[in-house]
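See below for the structure under consideration.
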Amino acid sequence: YAQFPFPITVERVLESPPVADPIRLFDTTAPADGAAALVLCPLETAKKLCDTPVVIEASVLATDGVNPYERDDVLTLTSTRVAAERAYRTAGISPRDVDVVEVHNTSSIMGVLALEDLGFVEKGQGWRFVAEGQIALNADLPTNTLGGLKARGHPWGATGVYQLVELTWQLRGEAGGNQVDGAEIGLAQSVGGLGATTVVHILRRWH
């Protein structure tokens, strides 16, 4: 599903045109065409349709101010933090229980901030967590296992649903070579308006 038919190396990122210092072109996601769909139904109906239904344990929306420069901290996605905290409570889990994650990584920094504000890593340590390879497939926290927005591209209105489709594949064991072993619980974070809105979904494989 790669948007670009060539590797995006660190050197290629640093050599790409600046967007807004220090962000460069290949730090950001590419707009893309695309569509995604889910079948939502009662669990009893889902069990008749397939052998491995996925249950929505939490679906929470939170908001913040539209202008990021009027917020207390431009490096904190308050809407993400609030939505995540409420979603964990609703689902009765903690961040440690999540097996696979989809974050709204419209740029390199947004993916790092998301991991922090979703509660997976301490504030200011997201970059280290990523650099150590902890988001790789079958690492500590497999994240955007099918490429995320930066690799797949950003089909705007379809992006949030696409994330849930990818989590569903993981939880049903249908992610092929990108499958996370034993994935039971997945979390998706979808952001709108530079963090003015965040929706956090928590999905669970039904047994």
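What the table below lists for this structure:
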| quantity | calculated |
| --- | --- |
| Ellipticity estimate at 222 nm from DSSP helix runs (n ≥ 4, -39,500 (n - 2.57)) divided over the chain, nearest 500 | -8000 deg cm²/dmol |
| Three-way shape call for segment 86-194 based on the alpha-carbon gyration tensor, with the a/c threshold at 1.5 | rounded |
| Cα gyration tensor, segment 1-100 - rounded (a/c under 1.5), prolate or oblate | oblate |
| Relative contact order (%) - segment 10-205, alpha-carbon pairs under 8 angstrom, separation at least six | 33 percent |
| Three-way shape call for segment 50-145 based on the alpha-carbon gyration tensor, with the a/c threshold at 1.5 | oblate |
| Sum of side-chain charges, GLY193 neighbourhood, beta-carbon under 14 Å (Lys, Arg +1; Asp, Glu -1) | -1 |
| Note, ³J(HN,Hα) from phi for segment 116-128, Karplus 6.51, -1.76, 1.60, rounded to Hz, x at Gly and Pro | 5, 6, 7, x, 7, 8, 5, 4, x, 10, x, 4, 5 |
| 3J(HN,Hα) from dihedral phi, segment 162-174, Karplus parametrisation 6.51/-1.76/1.60, rounded to Hz, x for glycine, proline | 4, 4, 5, 4, 5, 5, 4, 4, 4, 6, 8, x, 10 |
| Residue order, fewest to most surrounding Cβ atoms within 10 angstrom, among TRP169, TRP127, TRP156 | TRP156, TRP127, TRP169 |
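Where a number appears in this text, it was derived from the coordinates with a stated rule and is not lab data. Here the structure is a predicted model, which is why all the values come from computation and not from measurement. Backbone-built Cβ (ideal geometry, glycine too); neighbour counts: all protein chains shown.
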